[in-house]
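First up is the structure itself, then whatever we jot down about it.
The values are calculated or read from the model by the stated rules, or taken from the named source; none is laboratory data. None of the values given here were measured: they were computed from a predicted structure. As a convention, Cβ positions derive from the backbone with ideal geometry for all residues, glycine included, and neighbour counts pool all protein chains shown.
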Amino acid sequence: MGRILAIDYGKKRTGIAVTDELQIIASGLATVSTDELISFLKDYIQKENVELFVIGEPKRLNNTASESESLIIPFLQQLSKEIPTIPVQRVDERFTSKMAFQTMIDSGLKKKQRQNKALIDEISATIILQSYLYSK
């Protein structure tokens, strides 16, 4: 069994989370500059067996695509060209940033630490991945 890697795609930064090899636990992996995302993914899959990419799908409350989706579509096209062997699954990512922020509060992080947007992105990716695992 390979790992599942989740991506919380952002204009500047992208949060990444990954499962263990048994696909039981979702853990934050990193936050990378979106410009370096494809090369990061290529490097990662050279070292680890990844069988699926789970990518957040931003939606509005009325279930239509949010404006962020227009940034994700070109990335998805590039990803399928650059890494065609790994399938992609989309997961609704509504409220993940708010949930990530609340998780930081609940875990006792100080205000200064909660302002770390990279950490919010990584936690959001973990929430997206955990949501996917629950739905399986």
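Quick notes on this structure:
- Selection of region 47-67 for residues being at pLDDT below 95, farther than 18 Å from A125 by Cβ and not polar (S, T, N, Q) yields R60, L61, A65, E67.
- When S33, S70, S80, S97 are checked against the criterion of being at pLDDT below 95 and surrounded by fewer than 16 Cβ atoms within 10 Å (Cβ to Cβ), S70 stands alone in meeting it.
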